[in-house]
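Only one structure is covered here, and it is reproduced in the block below.
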Amino acid sequence: MENKAEQFLERYREIEEWVLNNLNVMEMKDLEQKPQYKGIRSNLAFCRLLRNLLSHYDWSKGGSDMVIVTDQAVRQVNNLYYALNPVTLMRVAIRAGQIFAPAPSDSVMAAVKVMQRNDYSYIPIVDNHRIVGVFSTKTLMRMVAENNTIAFSESLKFSEITDYTRLREDFNAHYGFINPNTSLEDVSLKFQRSKSRRVRLDMLFITDNGRPDGILQGMVTPVDIL
């Protein structure tokens with residue numbers, strides 16, 4: 001089979017797996033009878049029939065040129081994928097478990113080294129799954145400029161510098177908070193509108209209630225949206 005046929009089948013397998021795991025159906029063809037999918041019924045039927053033809057034919061006996069999967073067919077199965085399983089904020093976000101988020105009892109300098117290695121500009125400080133502060137390279141510069149009594153050693157903990165890391169909810173903050181149900185369009189608008197501000201948004205933290213006191217679900221940056 002040609003590469004486009006493989007692309008088609010791989011995408012269809014993804015669709016089928018998602019549908020059977022998330023929708024109350026036993027077979028793909030059952031979706032064609034559900035009224036909520038009336039608008040994509042013809043595409044459901046087309047993709048299912050083409051998948052069956054490509055999967056059940058014994059290509060080892062030759063005749064692989066009998067069915068040619070076109071670019072349009074690949075577009076159709078991709079359209080079906082996004083119609084059934086639309087791209088949501090949490091699908092493009094960095095999940096909470098993937099975020100480097102030290103606890104208040106962790107070493108500031110150890111975190112700074114991780115930030116340097118990974119080119120992180122901002123990191124959340126998390127306690128009991130909630131953000132209690134945000135630390136950045138600018139925070140470190142401010143600490144150096146304003147407080148000569150801080151001992152910058154490996155023993156310095158985030159709990160000792162809360163005056164510098166406490167959450168801010170004003171237009172001078174490089175971060176904000178949203179809930180996981182926010183649409184990608186609204187998130188994109190937030191980033192775009194921030195360009196006209198004196199301080200531009202660099203990231204949005206996703207919490208279960210969309211507020212700083214919520215449980216951290218993930219984070220998203222303009223690059224993730226693009």
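The values are calculated or read from the model by the stated rules, or taken from the named source; none is laboratory data. Owing to the predicted nature of the structure, the values given are computational and were not obtained by experimental measurement. Quick reminder, even Gly has a Cβ in these numbers, built from the backbone with ideal geometry, and neighbours come from all protein chains shown. For accessibility, only protein heavy atoms count, side chains too; no ligands or nucleic acids. Shrake-Rupley method; radii C 1.70, N 1.55, O 1.52, S 1.80 Å.
List of remarks:
- Linear extension gain, residue 145 paired with residue 29, 0.36 nm per residue minus alpha-carbon span: 35.1 nm
- C-alpha long axis of helix 108-118 to longest principal axis of the chain, angle in °: 40
- Rolling a 1.4 Å probe over the protein heavy atoms of the range 36-138, with every protein chain left in place, gives an accessible area that is 50 percent carbon and sulfur.
- From its DSSP helices (H runs of at least four residues, each -39,500 (n - 2.57)), the chain gives a residue-normalised ellipticity at 222 nm of -12000 deg cm²/dmol.
- Relative to the longest principal axis of the Cα atoms of the chain, the long axis of helix 71-84 lies at roughly 60 degrees.
- The chain: most fluctuating residue of 176, 214, 39 per GNM, C-alpha cutoff 10 Å: 39
- Using alpha-carbon coordinates, inclination of helix 137-146 to the longest axis of the chain, degrees: 10
- The range 86-203 - convex hull of the alpha-carbon atoms, volume per residue in Å³: 118
- Taken over the C-alpha atoms, the chain has Rg and Dmax values of 24.6, 81 angstrom.
- What you get for the range 74-141, charging only the Cβ of Lys and Arg (+1) and of Asp and Glu (-1), is a dipole of about 220 debye around the Cα centre.
- Radius 13 Å from Cβ of residue 23, net charge of other residues (Lys, Arg +1; Asp, Glu -1): -3
- Look at the dipole of the range 177-226 built from charges on Cβ: of 182, 201, 223, the Cα furthest out on the positive end belongs to 201.
- Zone of residue 162's modelled label, taken as backbone nitrogen in the range 101-121 under 13 Å from a point 7 Å along Cα→Cβ: 104-105
- Once exposed loop GluC sites (Glu not before Pro) are cut out (DSSP; at most 14 other Cβ, 10 Å), longest piece of the chain: 28-153
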